[in-house]
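In what follows, a single structure is set out as C-alpha cells and then discussed.
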Amino acid sequence: MTNDFVIETRNLSRSYGKFVAVDNLNLQIAEGEIFGLLGPNGAGKTTSILMIMGLSEPTAGTVRVCGYDPAREPVKVKRIAGYLPEKVGFYDDLTAKENLEYTGRLNGFKDKIIAAKVAEVLEEVGLSPASDQLVGKFSHGMKQRLGIADVMIKSPKIAVFDEPTSGIDPEGTEQVLSIIKNMAKQKVTVVISSHQLHQVQKICTQVGIFSKGKLVASGSVDKLGREAFRKGKFNIILPISQPTDKLLENIRSIEGVVDINCVRDATVITASEDVSKQVENAVASTTGLKVQMKVEEFELEKVYMEYFKES
C-alpha cells in the first residue's frame, strides 16, 4: 500500500459460500476525487463499500482507508469517513437539529462544538429553516439532504453515498449534486454508488464499472471512452472544413498525430495524445487565425453500455 491514495484495495474479495460478491478488486482513489461506482444490482458495489467502511470483512485481499485497515481498525476509519446508505435512517420523533446533535454526541463532540457544527451543516444543505421540524414530516429529498448533513457533521476526510439522489425530484437532485461537489472542493474524497449515469457524469472525476463482482474498467469518462471506442487515441476537432495543404502539412508534422480527416464542417485530427494546443499553434502560425480546439467527449451511458456488453 502507498500513501498516494486515500482509499486503496489490493485483490480485495468477498465470498458468501460459493457466491463471489467481489472478485479481486484493485482500486485506487486519490484525495478530493469524486469516484462513481457503476454497475447493475448485484455487481459488487455495495459489498465493496461495506468492506471499505469496515462494516464487512473481506474473504481475501487488503483495503486501506487513509492508511487504516477497516477490518482491524474500524473505529479509526469511522472517525474519518461518513456513510450515507441508500435507505436513510433517522428518529422521526426528533427534529432535524436533534438528530444531528445526537450524531455529534456519538462522535464525542462537546455540546458547544455540536451546536455550532449543527447550525453550519444545516445551512450548507439548505435545511436551516426546517431545523426544528420533526424528521417524520420531512420529504424524501429533505431526508437525503439531512443524511448528507449527518455525514458532514464529523468533518470527514471521506464521504460514501449509496444512491444519494434516488427518488428525489429534479430540483432536489441538483441541490444534492451541488452539495457533493462543494464537499470535494474542500478536499473531501467522495465515493458514490449510483445507477443515475447522467448525474454521475456531471460530478464524478473518476468512475469504476463493476460487473459480476469484478471491476472491469476504471478512470475518467473520457479515458474510458477513448479506450472503448478509439483504441486509446484522442480525436481533436478543428473547426475548419477545408484546411490548406500547408496547414495539413504542419499538423502532420506534430508528434503524436496519426491521422487527419475532413468531416462535414470540421477537420478531425487523431493523435496518440492530446495535441490540441500544438494544433492551435500550427493554425495560428499558418493562417493567422485563432481557433479553439475541442477534444472529443463521450457520454457515460454509451461508455458504460460498451464495457458492460463486453464483460
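The values are calculated or read from the model by the stated rules, or taken from the named source; none is laboratory data. Remember, predicted model here, so these are calculated numbers, not experimental data. Every residue, glycine as well, gets a Cβ built from its backbone with ideal geometry; the counts of neighbours run over all protein chains shown.
Things worth noting here:
- Condition check for A43: surrounded by 18 or more Cβ atoms within 10 Å (Cβ to Cβ) and touching a Lys or Arg at 6+ places or on another chain (Cβ under 7 Å): yes
- Where helices (runs of 4 or more DSSP H) fall entirely within segment 184-285, those with at least 1 residues that are under 30 Å from N11 (Cα atoms) and hydrophobic (A, V, I, L, M, F, W, C) are at 197-203, 221-229.
- Some residue of segment 248-256 being more than 30 Å from V188 (Cβ to Cβ), within 21 Å of the chain's Cα centre (by Cα), among the acidic types (D, E) and not assigned by TED's automatic domain parsing to the domain that holds K185: no
- Close Cβ contacts (under 8 Å, 6 or more residues apart or on different chains) running from residues in segment 289-311 that are surrounded by 13 or more Cβ atoms within 10 Å (Cβ to Cβ) to residues that are among the acidic types (D, E) and part of a helix (DSSP H, G or I) comprise V291/E280; M293/E280; V295/D222; F298/D222.
- Checking every residue in segment 112-122 against the condition of being assigned by TED's automatic domain parsing to the domain that holds T173, at pLDDT 95 or above and touching a Phe, Trp or Tyr at 6+ places or on another chain (Cβ under 6 Å) gives zero matches.
- The residue that is farthest from K76 (Cα to Cα), among those in segment 153-183 that are among the aliphatic types (A, V, I, L, M) and at pLDDT below 95, is I168.
- Taking segment 18-42 as the range and being in a loop (DSSP other than H, G, I, E, B) and more than 15 Å from the chain's Cα centre (by Cα) as the test, the residues that pass are K18, P40, N41, G42.
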